[in-house]
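Here is the structure we will look at, set down as C-alpha coordinates.
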Amino acid sequence: MLMIDEVDSGSNNQVFIDFLAQLRVYYLNRESRPIFHSVILAGVYDIKNLKLKIRPDEEHQYNSPWNIAADFDIDMSFSVKQIVSMLEVYEADYHTGMDTNAVAEEIYQYTSGYPYLVFAICKIMDEKLPYKDSFAQNHDIWTKEGVEEAVKLLLRSKTTLFDSMVKHIREYKDLKELLYAILFQGEQVAYNQYNHTIALACMFGYVVDDGVYVQVANRIFETCLYNWFLSEEELRRRQGTQSGRMWWWIISVNSLSWK
(Lines give C-alpha, C1' and ligand atoms only; values in the text may rest on other atoms or scores of the structure.)
Protein backbone atom coordinates (compact mmCIF):
# COMPACT_ATOMS: atom_id res chain seq x y z
CA MET A 1 0.00 0.00 0.00
CA LEU A 2 1.27 3.48 -0.92
CA MET A 3 -0.02 6.48 1.02
CA ILE A 4 0.93 10.08 0.17
CA ASP A 5 -0.22 12.80 2.58
CA GLU A 6 -0.46 16.54 1.84
CA VAL A 7 -0.76 15.66 -1.82
CA ASP A 8 -2.02 19.16 -2.68
CA SER A 9 1.37 20.69 -1.91
CA GLY A 10 2.94 18.87 -4.86
CA SER A 11 0.04 18.80 -7.27
CA ASN A 12 1.13 21.96 -9.13
CA ASN A 13 4.39 20.26 -10.04
CA GLN A 14 4.66 18.59 -13.45
CA VAL A 15 6.97 15.92 -12.00
CA PHE A 16 4.22 14.91 -9.57
CA ILE A 17 1.67 14.66 -12.39
CA ASP A 18 4.11 12.50 -14.36
CA PHE A 19 4.50 10.33 -11.26
CA LEU A 20 0.73 9.79 -11.14
CA ALA A 21 0.74 8.88 -14.81
CA GLN A 22 3.47 6.32 -14.14
CA LEU A 23 1.39 4.80 -11.34
CA ARG A 24 -1.47 4.47 -13.81
CA VAL A 25 0.80 2.55 -16.20
CA TYR A 26 1.75 0.22 -13.36
CA TYR A 27 -1.93 -0.26 -12.55
CA LEU A 28 -2.76 -1.20 -16.14
CA ASN A 29 0.11 -3.70 -16.18
CA ARG A 30 -0.69 -5.15 -12.75
CA GLU A 31 -1.42 -8.62 -14.19
CA SER A 32 2.11 -8.99 -15.50
CA ARG A 33 4.07 -7.00 -12.93
CA PRO A 34 3.26 -6.75 -9.18
CA ILE A 35 2.46 -3.27 -7.96
CA PHE A 36 0.80 -1.57 -5.00
CA HIS A 37 -2.47 -3.09 -3.90
CA SER A 38 -3.84 0.33 -2.98
CA VAL A 39 -2.76 3.94 -3.49
CA ILE A 40 -4.11 6.60 -1.13
CA LEU A 41 -3.68 10.30 -1.92
CA ALA A 42 -4.69 12.40 1.10
CA GLY A 43 -5.56 16.02 0.40
CA VAL A 44 -8.29 18.50 -0.43
CA TYR A 45 -8.37 18.26 -4.20
CA ASP A 46 -10.30 15.56 -6.03
CA ILE A 47 -7.81 13.68 -8.19
CA LYS A 48 -9.68 14.74 -11.34
CA ASN A 49 -8.98 18.38 -10.44
CA LEU A 50 -5.22 18.06 -9.97
CA LYS A 51 -4.37 19.10 -13.51
CA LEU A 52 -6.44 22.28 -13.08
CA LYS A 53 -3.60 23.60 -10.95
CA ILE A 54 -0.93 23.38 -13.64
CA ARG A 55 -2.86 24.35 -16.78
CA PRO A 56 -3.47 27.90 -18.01
CA ASP A 57 -7.07 29.08 -17.49
CA GLU A 58 -7.92 28.63 -21.16
CA GLU A 59 -6.81 24.99 -21.04
CA HIS A 60 -8.64 23.94 -17.87
CA GLN A 61 -9.99 20.42 -18.16
CA TYR A 62 -11.16 17.74 -15.81
CA ASN A 63 -8.75 14.91 -16.37
CA SER A 64 -7.90 12.17 -13.92
CA PRO A 65 -4.59 10.38 -14.51
CA TRP A 66 -6.38 7.15 -13.57
CA ASN A 67 -10.06 7.80 -14.30
CA ILE A 68 -10.97 5.46 -11.45
CA ALA A 69 -11.21 7.88 -8.54
CA ALA A 70 -13.68 6.60 -5.94
CA ASP A 71 -16.37 8.91 -4.54
CA PHE A 72 -16.01 9.98 -0.92
CA ASP A 73 -19.47 10.82 0.38
CA ILE A 74 -18.89 10.71 4.14
CA ASP A 75 -19.92 13.90 5.94
CA MET A 76 -16.86 14.81 8.01
CA SER A 77 -18.63 17.54 10.02
CA PHE A 78 -19.46 16.90 13.67
CA SER A 79 -23.04 16.88 14.85
CA VAL A 80 -24.04 18.46 18.16
CA LYS A 81 -24.33 14.96 19.61
CA GLN A 82 -20.76 14.13 18.59
CA ILE A 83 -19.44 17.36 20.11
CA VAL A 84 -21.33 16.54 23.31
CA SER A 85 -19.66 13.12 23.49
CA MET A 86 -16.20 14.73 23.22
CA LEU A 87 -17.01 17.28 25.90
CA GLU A 88 -18.31 14.52 28.18
CA VAL A 89 -14.94 12.76 27.94
CA TYR A 90 -13.19 16.02 28.86
CA GLU A 91 -15.65 16.64 31.69
CA ALA A 92 -15.03 13.18 33.10
CA ASP A 93 -11.33 14.02 33.40
CA TYR A 94 -11.45 17.66 34.57
CA HIS A 95 -14.82 18.02 36.35
CA THR A 96 -15.50 21.58 35.20
CA GLY A 97 -19.21 21.44 35.92
CA MET A 98 -20.08 22.50 32.38
CA ASP A 99 -23.43 21.97 30.73
CA THR A 100 -22.08 19.85 27.87
CA ASN A 101 -25.24 20.19 25.78
CA ALA A 102 -25.31 23.98 26.04
CA VAL A 103 -21.58 24.33 25.28
CA ALA A 104 -21.81 21.90 22.36
CA GLU A 105 -24.77 23.80 20.92
CA GLU A 106 -22.86 27.08 21.16
CA ILE A 107 -19.76 25.61 19.49
CA TYR A 108 -21.93 24.19 16.73
CA GLN A 109 -23.63 27.55 16.16
CA TYR A 110 -20.25 29.08 15.30
CA THR A 111 -18.67 26.16 13.45
CA SER A 112 -21.52 24.12 11.95
CA GLY A 113 -19.44 21.14 13.06
CA TYR A 114 -16.34 21.98 10.96
CA PRO A 115 -13.78 19.68 12.67
CA TYR A 116 -10.77 22.01 12.65
CA LEU A 117 -12.82 24.87 14.11
CA VAL A 118 -14.42 22.66 16.77
CA PHE A 119 -11.03 21.46 17.96
CA ALA A 120 -9.49 24.94 17.71
CA ILE A 121 -12.17 26.48 19.94
CA CYS A 122 -11.84 23.72 22.53
CA LYS A 123 -8.03 24.01 22.47
CA ILE A 124 -8.22 27.77 23.11
CA MET A 125 -10.71 27.27 25.93
CA ASP A 126 -8.47 24.66 27.54
CA GLU A 127 -5.08 26.32 27.05
CA LYS A 128 -5.56 30.08 26.72
CA LEU A 129 -8.69 31.18 28.56
CA PRO A 130 -7.38 30.11 32.01
CA TYR A 131 -4.82 32.93 31.74
CA LYS A 132 -7.54 35.56 31.41
CA ASP A 133 -8.74 37.13 34.66
CA SER A 134 -12.41 36.81 33.73
CA PHE A 135 -11.99 33.08 33.07
CA ALA A 136 -9.80 32.07 35.99
CA GLN A 137 -12.06 29.17 36.99
CA ASN A 138 -13.00 26.16 34.87
CA HIS A 139 -16.69 26.69 35.50
CA ASP A 140 -16.33 30.17 33.95
CA ILE A 141 -14.47 28.89 30.90
CA TRP A 142 -16.76 26.11 29.75
CA THR A 143 -19.79 28.31 29.17
CA LYS A 144 -21.38 30.16 26.25
CA GLU A 145 -19.33 33.21 27.22
CA GLY A 146 -16.18 31.10 27.13
CA VAL A 147 -17.01 29.84 23.65
CA GLU A 148 -17.62 33.40 22.47
CA GLU A 149 -14.26 34.57 23.85
CA ALA A 150 -12.49 31.59 22.26
CA VAL A 151 -14.03 32.45 18.89
CA LYS A 152 -12.75 36.04 19.20
CA LEU A 153 -9.24 34.79 19.95
CA LEU A 154 -9.41 32.32 17.07
CA LEU A 155 -10.42 35.03 14.60
CA ARG A 156 -7.52 37.21 15.74
CA SER A 157 -4.99 34.39 15.40
CA LYS A 158 -3.04 33.33 12.33
CA THR A 159 -3.93 29.74 11.45
CA THR A 160 -3.11 27.43 8.57
CA LEU A 161 -6.83 27.17 7.78
CA PHE A 162 -7.30 30.92 7.40
CA ASP A 163 -4.00 31.16 5.52
CA SER A 164 -5.27 28.59 3.02
CA MET A 165 -8.57 30.40 2.67
CA VAL A 166 -6.91 33.71 1.79
CA LYS A 167 -4.50 31.93 -0.55
CA HIS A 168 -7.35 30.25 -2.42
CA ILE A 169 -9.32 33.50 -2.69
CA ARG A 170 -6.31 35.23 -4.21
CA GLU A 171 -5.57 32.28 -6.47
CA TYR A 172 -9.08 31.84 -7.85
CA LYS A 173 -10.65 35.10 -8.99
CA ASP A 174 -14.08 33.53 -9.60
CA LEU A 175 -14.10 32.10 -6.08
CA LYS A 176 -13.37 35.55 -4.66
CA GLU A 177 -16.20 37.08 -6.70
CA LEU A 178 -18.61 34.35 -5.58
CA LEU A 179 -17.89 34.86 -1.88
CA TYR A 180 -18.00 38.66 -2.23
CA ALA A 181 -21.36 38.50 -3.99
CA ILE A 182 -22.86 36.30 -1.27
CA LEU A 183 -21.48 38.29 1.68
CA PHE A 184 -21.60 41.91 0.53
CA GLN A 185 -24.14 42.03 -2.28
CA GLY A 186 -26.65 39.69 -0.68
CA GLU A 187 -26.95 37.62 -3.84
CA GLN A 188 -28.60 34.23 -3.69
CA VAL A 189 -26.57 31.87 -5.87
CA ALA A 190 -28.39 28.68 -6.80
CA TYR A 191 -26.36 25.54 -6.11
CA ASN A 192 -25.23 23.61 -9.16
CA GLN A 193 -22.75 20.79 -8.84
CA TYR A 194 -21.51 21.32 -12.42
CA ASN A 195 -20.56 24.96 -11.89
CA HIS A 196 -16.78 24.86 -11.51
CA THR A 197 -16.55 27.80 -9.09
CA ILE A 198 -19.31 26.47 -6.83
CA ALA A 199 -17.81 22.97 -6.92
CA LEU A 200 -14.42 24.42 -6.01
CA ALA A 201 -15.84 26.41 -3.09
CA CYS A 202 -17.66 23.31 -1.82
CA MET A 203 -14.54 21.17 -2.21
CA PHE A 204 -12.54 23.60 -0.06
CA GLY A 205 -15.40 23.58 2.46
CA TYR A 206 -16.00 27.35 2.33
CA VAL A 207 -19.61 27.04 1.19
CA VAL A 208 -22.36 24.46 1.52
CA ASP A 209 -25.56 23.60 -0.30
CA ASP A 210 -28.58 24.51 1.83
CA GLY A 211 -30.89 22.58 -0.47
CA VAL A 212 -31.42 25.43 -2.94
CA TYR A 213 -28.75 28.08 -2.62
CA VAL A 214 -25.06 28.29 -1.80
CA GLN A 215 -24.19 29.75 1.59
CA VAL A 216 -20.97 30.28 3.54
CA ALA A 217 -20.26 27.15 5.56
CA ASN A 218 -20.28 28.64 9.06
CA ARG A 219 -20.31 31.84 11.09
CA ILE A 220 -16.56 31.82 11.71
CA PHE A 221 -15.83 31.65 7.98
CA GLU A 222 -18.33 34.46 7.41
CA THR A 223 -16.62 36.67 9.98
CA CYS A 224 -13.13 35.83 8.73
CA LEU A 225 -14.11 36.61 5.14
CA TYR A 226 -15.89 39.83 6.13
CA ASN A 227 -12.81 41.00 7.98
CA TRP A 228 -10.49 40.15 5.10
CA PHE A 229 -12.61 41.81 2.41
CA LEU A 230 -13.12 44.94 4.53
CA SER A 231 -9.40 45.15 5.28
CA GLU A 232 -8.55 44.87 1.59
CA GLU A 233 -11.11 47.58 0.76
CA GLU A 234 -9.76 49.87 3.48
CA LEU A 235 -6.20 49.54 2.18
CA ARG A 236 -7.34 50.29 -1.36
CA ARG A 237 -9.11 53.45 -0.15
CA ARG A 238 -6.03 54.55 1.78
CA GLN A 239 -3.79 53.96 -1.21
CA GLY A 240 -6.20 55.92 -3.38
CA THR A 241 -6.20 58.80 -0.89
CA GLN A 242 -2.42 58.81 -0.67
CA SER A 243 -2.18 58.83 -4.49
CA GLY A 244 -4.57 61.77 -4.58
CA ARG A 245 -2.50 63.66 -2.03
CA MET A 246 0.71 62.99 -3.97
CA TRP A 247 -0.92 64.21 -7.20
CA TRP A 248 -2.09 67.38 -5.45
CA TRP A 249 1.42 67.93 -4.05
CA ILE A 250 3.00 67.55 -7.50
CA ILE A 251 0.53 70.01 -9.00
CA SER A 252 1.20 72.48 -6.18
CA VAL A 253 4.96 72.23 -6.64
CA ASN A 254 4.64 72.66 -10.39
CA SER A 255 2.37 75.66 -9.89
CA LEU A 256 4.91 77.25 -7.59
CA SER A 257 7.60 76.61 -10.13
CA TRP A 258 5.61 78.41 -12.79
CA LYS A 259 5.43 81.44 -10.51
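The values are calculated or read from the model by the stated rules, or taken from the named source; none is laboratory data. Every value quoted in this text rests on a predicted model; they were computed, and no experiment measured them. Side chains included, ligands, DNA and RNA excluded: accessible areas come from the protein's heavy atoms. Shrake-Rupley method; radii C 1.70, N 1.55, O 1.52, S 1.80 Å.
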Sequence-distant residues sharing a close amide H with Y213 (under 5 Å, placed H): Y191
With a 1.4 Å probe and every protein chain left in place, work out the accessible area per residue of region 154-235 in Å², rounded to a whole number. 55
Where the accessible area of region 100-244 is counted over protein heavy atoms with a 1.4 Å probe, how much of it, in %, is carbon and sulfur? 47
Quick one: Karplus J couplings for region 177-193, per residue in order, coefficients 6.51, -1.76, 1.60, θ = phi - 60°, nearest Hz, x for Gly and Pro? 5, 5, 5, 5, 5, 5, 7, 9, 9, x, 6, 9, 9, 5, 6, 9, 5
Can you work out ³J(HN,Hα) from phi for every residue in region 222-238, in order, using Karplus 6.51 cos²θ - 1.76 cosθ + 1.60 and θ = phi - 60°, giving whole Hz and x for Gly and Pro? 4, 5, 4, 5, 4, 4, 5, 4, 5, 5, 4, 5, 4, 5, 5, 5, 5
